[in-house]
Amino acid sequence: MKTSNRSRKLNKVSRSFDSQANIVLQDKSVFSGFAIGARKKVVGEICFNTSMTGYQEIISDPSYAGQIINFTFPHIGNVGTNKFDNETFVPFASGVVISADISEPSNFRSIKHLDSWLKENDIPGICNVDTRSMTNLIRENGAYKCLLNTKKNDQSSLKNNLKLINDWSGLNNLDLAKEVSCKKPFTLKSKNKKNLIRIVAIDYGIKHNIINSLINLNAEVIIVPAASSTEMIMSFRPDGIFLSNGPGDPKATGKYAIPIIKELIEMKIPIFGICLGHQLISLALGAKTKKMFQGHRGANHPVKNLITNKVEITSQNHGFVVEEKSVPKSVLITHKSLFDGSVEGIRHKSKKVFSVQYHPEASPGPHDSHYLFEDFISSIKDHLKHGKKKRY
């Protein structure tokens, strides 16, 4: 089928390098390039992502709030953007760094150039940067605080930029979940209205494809704000509780989340957590978390399932981790990273509570771990069968 001239014109964007940009790291390193996306100055934590696909899903993942994403893959923007791959309604990433200018998109799903999409979502970016050198700095020295400046004709001195960087507290002890969470409950459900399983998902920065993964298993998902009370959560009479991914320090979010999670655990209702949700469950069960040296961000991270002895290739995005030595005896470690041996999954030995550090919804990433959603649904059905009478 031929593509019309009108369709081709819709995808083309007039590009001109009218604005230089730079990114300043807290160690005084400066990387210069050209501005893409929004024209603004932002401070955040620089991290790198090694995924070869899914840049739209990555940038729109709420877990990147407060972070500037350095893409190691050179071809970012080459398939454009579309209305289906966003992982949230409003992206919260602070900025993006790519090695080369964005090429004209070449994909039948593309409806908007990445540069236009970044502008529309008020996200600044910089291109024509040596992303390999930046990645090596992060690998050797850990995550940096940094400043990205894409403002036209901005003459800020290095001294002033470093002051802005040093004035920012960083992600340690920073709660960002309330900023990215929904403001009031809303419900999404399967088209099949019979025998729906009702799940309340606590939104610390939930990704759309997590909700889709649950809905596709015949679930009704009620998404509630991060700071929701136990009474409000239980007023929906849920069959199961889901704790979502999200940004920031789990200990900071835990100040209001952990007391609620402890109460929910005592109610013996099935609970499943992903990423930040995994860390919060771990904290509620008595474990500790810490900030990682450089974090795990990519779509090819090998994780060993210690129960089945199978290796799963996973999608990951986290800068904090559960400390293995702190995991209590009542909790079983079920998954470990084959990169660094860090804890990637836990399960309570006597309660229907489990969680994983990585992203089984695979957006972007492989589908090796999608079975975890099925395990959650099976846990709920077992609870409904043996634990109490069904609501319907």
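Could you list, in sequence order, all residues of region 114-149 that are more than 21 Å from SER169 (Cβ to Cβ) and in contact with a Gly (Cβ under 6 Å, 6 or more places away or on another chain)?
Across region 114-149, the qualifying residues are LEU114, LEU118, LYS119, ILE123, GLY125, ILE126, CYS127, ASN128, VAL129.
Among the residues of region 43-50, is any surrounded by fewer than 20 Cβ atoms within 10 Å (Cβ to Cβ), at pLDDT 95 or above, within 21 Å of ALA143 (Cα to Cα) and not assigned by TED's automatic domain parsing to the domain that holds SER363?
yes
Exactly one of these conditions fails for GLY277: (1) within 23 Å of SER51 (Cα to Cα); (2) assigned to a strand (DSSP E or B); (3) modelled with pLDDT of 95 or more. Give me its number.
The single condition GLY277 does not satisfy is (2).
Considering only region 212-233, state which residues are more than 25 Å from LYS385 (Cβ to Cβ) and among the hydrophobic types (A, V, I, L, M, F, W, C).
Selection gives ILE223, VAL224, ALA226, ALA227, MET232.
Take the conditions touching a Cys at 6+ places or on another chain (Cβ under 7 Å), within 15 Å of ASP239 (Cα to Cα) and touching a residue at least 40 places away in the same chain (Cβ under 8 Å) and apply them to ILE165. Does it pass?
No, not satisfied.
Is at least one residue of region 346-355 touching a residue at least 12 places away in the same chain (Cβ under 8 Å), loosely packed, with under 13 Cβ neighbours inside 10 Å, over 19 Å from VAL322 (Cβ atoms) and not polar (S, T, N, Q)?
no
Against the condition out of contact with any Ser or Thr (no Cβ under 8 Å at 6 or more places or on another chain), buried (at least 20 other Cβ atoms within 10 Å of the Cβ) and on the phi > 0 side of the Ramachandran plot, how does GLY254 come out, does it pass?
For GLY254, the condition - out of contact with any Ser or Thr (no Cβ under 8 Å at 6 or more places or on another chain), buried (at least 20 other Cβ atoms within 10 Å of the Cβ) and on the phi > 0 side of the Ramachandran plot - is not met.
What are the pairs with Cβ atoms under 9 angstrom where one residue, in region 270-285, is buried (at least 24 other Cβ atoms within 10 Å of the Cβ) and the other, located anywhere, is in a helix (DSSP H, G or I) and basic (Lys, Arg)? Sequence gap at least six, or different chains.
Pairs found: GLN279/LYS251.
Yes/no matrix, rows are residues, columns are (1) assigned to a helix (DSSP H, G or I); (2) more than 18 Å from the chain's Cα centre (by Cα); (3) more than 29 Å from SER51 (Cα to Cα):
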site	(1), (2), (3)
ILE281	yes, no, no
GLN316	no, no, no
LYS329	no, yes, yes
PHE373	yes, no, no
LEU384	yes, yes, yes
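The values are calculated or read from the model by the stated rules, or taken from the named source; none is laboratory data. Since we're looking at a predicted model, the values are computed, not measured. Every residue, glycine among them, receives a Cβ derived from its backbone with ideal geometry; neighbour counts consider all protein chains shown.
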